[in-house]
Amino acid sequence: MNLVLFSGGGKSINKRIHQEILSFFPSDQKITLSFIPAEGDFAEEDFVEFCRFFSFLKERAKFRLVSIDSVLGSKERKALLKSDGIFLGGGNTYHLLNNLQKNKLMLPLKQFAKKKLLMGLSAGSIVMTPNIMTAAVPSSESDDNTIGLKKLSAMSLVPFEFAPHYYRERKSDEEILDYSKTRSHPIYACSDGQGIVVRNGAIQFIGGVKVFHKGQSYQFN
């Protein structure tokens, strides 16, 4: 399994993770990266940010926008899964998961990540985990489930849950700790600029991570 989970932030504070991404591809390889936005309403704006975020690849990469608000046609679907890398955008986690479910992309993306590279930012990272419950925890960073999504199970590509945009604050820590008491998996909380790289199943923390598990917490630097 080859995954990159970004918490958030711009290109400048994610340089260490970008270096890890470069190591997934031979230096002379031309790369096609497909961007899946969380919501179609902001697709064009988010795609501009995506291109800026990956501008360190310069002439090596071709970028493609693949909006999944509507069901993909067979040609679009095939082209998406032929990409060298797929990036799941940030935004409303409920909308993103709903769009993935609607397009029946959960299993194909899981198979994709076994051979190629699947990346995500914030919501895009959360949907790689067993469920998207951390989209509501802590409350200060919660998404609104305006679509009333009931099936919150996600792709289960990793044995942990993910809390992006983490910052040390008493109320937030208490909420995540309380939530962790109800979960079997640990919750890995990353600040913007931090992230997690999974290479052939091996997990690497970039920039540190705060772990919450069964009512306890500790820091990995």
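Fully extending the segment from residue 167 to residue 12 would add 53.9 nm, taking 0.36 nm per residue of separation and subtracting the current Cα-Cα distance. Reducing segment 1-76 and segment 168-221 to their Cα centroids gives an inter-centroid distance of 24 Å. The alpha-carbon of residue 115 sits under 18 angstrom from the alpha-carbons of these aspartates and glutamates, leaving out residues fewer than 8 places away in its chain: 20, 84. Cβ crowding within 10 Å ranks 133, 155 as 133, 155, fewest other Cβ atoms first. As a proxy for reagent exposure, 94, 179, 166 were ordered by neighbouring Cβ count within 10 angstrom, fewest first; the result is 179, 94, 166.
In plain terms, the chain from residue 1 to residue 60 could stretch by 18.9 nm, reckoned as 0.36 nm per residue minus the Cα-Cα distance. Based on Cα atoms of the chain, Rg over Rh with Rh as the Kirkwood radius reads 0.94. Between residue 29 and residue 200, the simple label model (points 7 Å from Cα in the Cβ direction) yields a spacing of 1.4 nm. Considering only the Cα atoms of segment 29-95, their convex hull presents on average a projected area of 4.6 nm².
Other residues with beta-carbon under 12 Å from the beta-carbon of residue 105 carry, at +1 per Lys or Arg and -1 per Asp or Glu, a net charge of +3.
A Förster radius of 22 Å combined with the Cβ-Cβ distance from residue 152 to residue 178 puts the calculated FRET efficiency at roughly 0.75.
Here's the picture: charge each Lys and Arg Cβ at +1 and each Asp and Glu Cβ at -1 in segment 33-131, and of 96, 38, 72 the one pushed furthest to the positive end of that dipole is 72. Checking the cross-link pairs 11/75; 78/114; 11/171; 15/114 against a 27 Å limit on the alpha carbon distance flags 11/75; 11/171 as lying beyond it.
Taking every DSSP beta bridge that has both ends in segment 3-220, the antiparallel portion is near 45%. Ranking of 48, 209 by neighbouring Cβ atoms within 10 Å, starting from the fewest: 48, 209.
Read-outs throughout are calculated quantities, based only on the coordinates presented, and are distinct from any laboratory measurement. Quick caveat: nothing in here was measured; it's all calculated off a predicted structure. Quick reminder, even Gly has a Cβ in these numbers, built from the backbone with ideal geometry, and neighbours come from all protein chains shown.
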